[in-house]
Amino acid sequence: MNIYLYGMICASNSFKLNAFPVPDEYSEIESSARFIGGETGTCATVLSSLGADVRIDGTHIGRSMAALTREFYSGKSVGLGSLTFDESFEGLEDYILISGDIRTPFGRFGHFFSDCYSGGVKHWNVPKESDVLWCDAAAVDDCFGEDSQRCAELCTAHSKPFVTIDCKYDSYIHRHAAVTVISGEALKMHYGDVSHEEMFPLYAENSDGLTIITNGSGRFLYGRKGSAVKSFMPFEVDAVSTLGAGDTFKAGCTYALANSMNDDGLVRFAAACAAVAVSRYPSQLMPPKLDEVTALAGHSDT
């Protein structure tokens with residue numbers, strides 16, 4: 001299958017610690033890794049591991065991450081031809097501290113967006129119609145404003161089903177998505193301390209697609225307009241790191257969408273992808289394989 005991904009790509013520097021940092025106290029680095037991450041970067045890695053042919057576009061690849069990007073995707077079924085490698089741009093990187101199921105990312109994403117929107121150069125590409133025409137299904141990150149919406153418009157115009165994440169319930173991108181995945185963190189960012197149960201009908205009634213509101217390791221909600229709300233309890237695994245779990249869940253949704261799975265099968269497959277990912281560190285260097293995912297999704301009684 002051919003899958004097009006548009007959105008955030010960055011270099012990630014992660015550090016797994018023996019204990020989460022406390023002011024004025026020492027923490028030991030147990031292991032560390034540098035890889036290509038971001039919602040689109042990680043999604044591409046997982047989809048390639050599952051057997052899909054992938055094209056990615058979005059964030060410009062700056063000089064600090066150019067060599068890493070080429071090396072990281074070498075040997076993977078991820079096409080880089082739509083990307084812009086920009087030597088005038090430093091590059092976008094994040095740093096992540098991890099201990100157990102706790103993680104804290106930090107970086108300069110605020111500066112990245114504020115510089116672009118205050119008269120600076122936008123360091124991301126406008127989506128290309130040729131990429132949309134090429135694909136069987138797509139995933140669109142709702143991070144680049146009108147350009148993300150333009151990607152959704154192209155997918156809609158050419159009848160290409162797409163997955164999106166963490167958008168508002170009244171947005172164009174949600175209304176036209178085949179699958180929308182909303183994290184609890186995004187829900188709180190957009191709407192404050194409103195319960196998942198209160199927000200779910202607003203999302204479901206504003207789209208003809210499948211709405212999923214995740215809840216970390218807790219039971220999450222999914223369903224469609226006019227249908228009863230369903231829930232799913234994530235698979236129990238020995239969690240090593242939750243880094244990339246949400247992006248892997250998105251990848252699972254996209255793979256399932258491209259394979260025309262029904263709603264229950266899609267949710268189960270995506271949850272199994274995420275469960276495999278959290279069982280290892282870093283999952284970006286050991287992404288879930290199709291046989292691992294199907295074994296978990298097919299044999300658990302969750």
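For the stretch 2-299, what class follows from the C-alpha gyration tensor (a ≥ b ≥ c being the square roots of its eigenvalues): rounded when a/c is under 1.5, otherwise prolate if a/b is larger than b/c, else oblate? Numbers along the way, then the final one.
On the way: a/c = 1.33, a/b = 1.08, b/c = 1.23.
Taking the square roots of the gyration eigenvalues as a ≥ b ≥ c, the stretch 2-299 is rounded.
With Cβ to Cβ distances under 9 Å as the rule, what net charge do the other residues near residue 276 carry (K, R +1; D, E -1)?
+1
Sort 112, 106, 269 by Cβ crowding within 10 Å, fewest neighbours at the top.
With the fewest neighbours first, 112, 106, 269 line up as 106, 112, 269.
For the chain, what does the helix formula give at 222 nm: sum of -39500 (n - 2.57) over DSSP H segments with n ≥ 4, over the residue count, nearest 500 deg cm²/dmol? Mind dumping the intermediate values first?
On the way: 11 runs with 110 residues, N = 302.
Value at 222 nm, helices only, nearest 500: -10500 deg cm²/dmol.
May I ask for the net charge around residue 256, where only other residues with Cβ less than 13 Å from the Cβ of residue 256 are counted and Lys, Arg are +1 while Asp, Glu are -1?
On the way: positive: 250, 268; negative: 136, 263, 264.
Summing Lys/Arg as +1 and Asp/Glu as -1 gives -1.
Could you check which residue among 21, 288, 201 shows the biggest mean-square fluctuation in a GNM of the chain with a 10 Å Cα cutoff?
21
If you plug each phi of the stretch 157-169 into the Karplus form 6.51 cos²θ - 1.76 cosθ + 1.60 with θ = phi - 60°, what whole-Hz ³J(HN,Hα) values come out, in order, with x for Gly and Pro?
Values, residue by residue: 4, 9, 6, 9, x, 9, 9, 9, 9, 6, 9, 7, 6 Hz.
So which GluC sites (Glu not before Pro) in the stretch 142-223 are both in a DSSP loop and have at most 13 other Cβ atoms within 10 Å of their Cβ?
Hits after loop and neighbour filter: 205.
Using θ = phi - 60° and the Karplus relation 6.51 cos²θ - 1.76 cosθ + 1.60, list the HN-Hα couplings for the stretch 68-75 in order, rounded to whole Hz, with x at every Gly or Pro.
Those phi angles translate into 4, 4, 5, 5, 4, 8, 4, x Hz.
In the stretch 1-64, what GluC sites (Glu not before Pro) fall in a loop by DSSP, with at most 11 other Cβ atoms inside 10 Å?
25, 28
In debye to the nearest 20, how big a dipole does the chain give about its Cα centre with +1 on each Lys and Arg Cβ and -1 on each Asp and Glu Cβ? Don't jump to the answer; show the numbers that get you there.
Values: 23 positive and 39 negative charges, 103 e Å.
Dipole of the chain, to the nearest 20 debye: 500 debye.
GNM on the chain, C-alpha springs below 10 Å: top fluctuator among 29, 96, 213?
Greatest mean-square fluctuation among the candidates belongs to 29.
For the chain, with a Gaussian network of springs between Cα atoms less than 10 Å apart, report the residue from 120, 244, 79 with the top mean-square fluctuation.
120
Between their Cα atoms, which of 122/250; 230/250; 160/289; 160/250; 122/188; 16/188 are more than 22 Å away from each other?
Distance filter (> 22 Å) returns 122/250; 160/289; 122/188; 16/188.
Can you run phi through the Karplus equation (6.51, -1.76, 1.60; θ = phi - 60°) for the stretch 244-257 and list ³J(HN,Hα) in whole Hz, with x for Gly and Pro?
x, 4, x, 5, 6, 4, 4, 4, x, 4, 5, 4, 5, 4
Every number in this text was worked out from the coordinates using simple rules, so none of it is lab data. In this text, all values refer to a predicted model and were calculated from it rather than measured experimentally. Reconstructed Cβ throughout: ideal geometry from the backbone, glycine too, with neighbour counts over all protein chains shown.
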